[in-house]
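*Asks:* One structure, as structure tokens, below. Some questions next.
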Amino acid sequence: MRVSAIIPTYNRASSVLSAIKSIQRQTYDNIEIIVIDDGSTDNTESLINSLAEPNLIYKKQKNAGPSAARNLGAKIASGEILAFLDSDDNWLPTKIEEQVVLLQKVHSNVPCCICDSTSGIGARTSFQNAKISFDSNQALWLNPHEVLATRFVLFNQVVAIRKRAFIESGGFREEIRLLEDYDLAVRLAKLGPWGIVNSPLTIKDNSTDGIGVLAMKDKKAHNKAKKRVYQLLIDDIAYKTERDHRQLRRSLAKTLWESKALTALDSTRTHTKLLGRALIFMIDAISKLQQKSPYWPNAKYIPID
């Protein structure tokens, strides 16, 4: 299986080489590297062109956002498998090999495989943050659609996806610049169970000024992005089941209350600020109760030998 590793980048000359080197260190050989420059104004172009890498393709486009950059990479990719890596993150050497081996074991209707991820030694992993657990190193995750209707699971840096499944799902929505990976993941979950490699094989850099990291710090921007993505997914009448649809509506309702709370916290009036704090406390309490209720699905899976 040929794998196309796609790196969208924008003014990341200081870190993109590290990302490329982490691909070059992969134990799996049949990989092409595609760097899509989303209109950088630094020396990214000259830096990439100076590399003596026969399997590297560099394309520069007008600034259109990370979703458009990833879609362009997928369009020109020659691989049967697509893997995405942000230009400030890194893969561990066996990441692609372990995912390809799993995808070769399972039925071809399994659209993708994800692995765990960490931001460094001692840090919580993405599976821990999403409160999903698997007791085997490799597994077939049977209900990603149920889990993703209730919470986010890191996607872009950890996925290896069959190109035909990427095309069938519609790819990334180019009008979305935040949580575009969550949006695609939910739509991809409609296609079938996912493969799981239960090891943190991606190192995510949370110390940079990337758009995703900044959005997580800007609670209003993150909240606005969540509202938009939830509404787009709810409007998608092809979503998996009515139960999943209800879960998404609950998630949207929670996000709308969070928006009211954040607006209240910005008020200059003391009593309005207090109301905002009370709303945040209430939302957190409801979230904790939800995680103990039947509405909070655990990951269902089959171990793979």
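*Asks:* What is the calculated FRET efficiency for Asn137 to Leu289, with r their C-beta to C-beta distance and R₀ = 30 Å, to the nearest 0.05?
*Replies:* It comes to 0.35.
*Asks:* Pairing the Cα long axis of helix 66-76 with the longest principal axis of the chain, what angle in degrees results, from 0 to 90 and rounded to the nearest 10?
*Replies:* Here the helix axis deviates by roughly 30 degrees.
*Asks:* Give the order of Phe84, Phe134 when sorted by the count of other beta carbons within 10 angstrom, beginning with the fewest.
*Replies:* Least to most surrounded, the residues fall as Phe134, Phe84.
*Asks:* Projecting each Cα onto the charge dipole of the chain (Lys/Arg +1, Asp/Glu -1 at the beta carbon, about the Cα centre), which of Ser46, Pro93, Ala261 comes out farthest on the positive side?
*Replies:* About the Cα centre, the residue reaching furthest to the positive side is Ala261.
*Asks:* Hey, got the dipole for the stretch 90-305? About the Cα centre, +1 on K and R Cβ, -1 on D and E Cβ, debye to the nearest 20?
*Replies:* The calculated dipole for the stretch 90-305 is roughly 880 debye.
*Asks:* At a temperature of 4 °C and a viscosity of 1.567 mPa s, determine how fast the chain diffuses translationally according to Stokes-Einstein, using the Kirkwood radius over alpha-carbon pairs as Rh; express D in µm²/s, rounded to the nearest whole number.
*Replies:* Result for D is 64 µm²/s.
*Asks:* Oh, and also: Say each of Glu80 and Lys260 gets a label point 7 Å from the Cα, pointing the same way as Cα to Cβ; how far apart are those two points in nm?
*Replies:* Calculated label separation equals 5.2 nm.
*Asks:* Find how much the distance from Asn30 to Ile234 grows on full extension, using 0.36 nm per residue of separation minus their present alpha carbon separation; answer in nm with one decimal.
*Replies:* Separation in residues times 0.36 nm, less the Cα-Cα distance, equals 69.6 nm.
*Asks:* Same structure again: For the chain, what is the percent of antiparallel DSSP beta bridges, rounded to the nearest 5?
*Replies:* Restricted to the chain, the bridges split so that about 40 percent are antiparallel.
*Asks:* Please arrange Asp181, Asp29 by how many other C-beta atoms lie within 10 Å of their C-beta, fewest to most.
*Replies:* Sorted ascending by nearby Cβ count, the order is Asp29, Asp181.
*Asks:* Name the residue farthest towards the positive end of the dipole of the chain from the options Ser117, Gly192, Asn30, assuming +1 on Cβ of Lys and Arg, -1 on Cβ of Asp and Glu, about the Cα centre.
*Replies:* Result: Gly192, furthest along the dipole toward the positive end.
*Asks:* Can you divide the C-alpha Rg of the stretch 1-132 by 2.2 N^0.38 Å and report the result to two decimal places?
*Replies:* Dividing the Cα Rg of the stretch 1-132 by 2.2 N^0.38 Å gives 1.08.
*Asks:* Where does each of Asp235, Asp116 land when they are ranked from fewest to most other beta-carbon atoms within 10 angstrom?
*Replies:* Taking fewest neighbouring Cβ atoms as first place, the list is Asp235, Asp116.
*Asks:* Related question: Run the helix sum for the chain: -39,500 (n - 2.57) per DSSP H stretch of 4+ residues, divided by residue count, reported at 222 nm to the nearest 500 deg cm²/dmol.
*Replies:* -13000 deg cm²/dmol
*Asks:* Restricted to Cα positions, what overall size does the stretch 139-190 have along the principal axes? Three whole-Å values, descending.
*Replies:* Over the stretch 139-190, Cα extents along the principal axes are 31, 24, 19 Å.
*Asks:* Right, something else. In debye, nearest 20, what is the charge dipole magnitude of the stretch 62-116 about its Cα centre with +1 on Lys and Arg Cβ and -1 on Asp and Glu Cβ, if you could check?
*Replies:* 300 debye
*Asks:* I'd like the FRET efficiency for Arg124 and Ala278, computed as 1/(1 + (r/R0)^6) with the beta carbon distance as r and R0 of 45 Å, rounded to 0.05.
*Replies:* Computed FRET efficiency for Arg124 and Ala278 comes out at 0.95.
*Asks:* Against the longest alpha carbon principal axis of the chain, how many degrees, from 0 to 90 and to the nearest 10, is the axis of helix 242-265 turned?
*Replies:* For 242-265 against the chain, the angle is about 70 degrees.
*Asks:* Here is the link list: Lys226/Lys260; Lys220/Lys260; Lys131/Lys190; Lys95/Lys226. Which ones come out longer than 19 Å on Cα distance?
*Replies:* Distance filter (> 19 Å) returns Lys131/Lys190; Lys95/Lys226.
*Asks:* While we're looking at this one, here's another question. Determine the dipole magnitude for the stretch 144-208: charges of +1 sit on the beta-carbon of Lys and Arg, -1 on that of Asp and Glu, nothing else is charged, the reference point is the Cα centre, and the result goes in debye to the nearest 20.
*Replies:* Roughly 200 debye, rounded to the nearest 20.
Where a number appears in this text, it was derived from the coordinates with a stated rule and is not lab data. Worth saying up front: this structure is predicted, and the values here are computed from it rather than measured. Don't worry about glycine lacking a Cβ; one is built from the backbone with ideal geometry, like all the others, and counts go over all protein chains shown.
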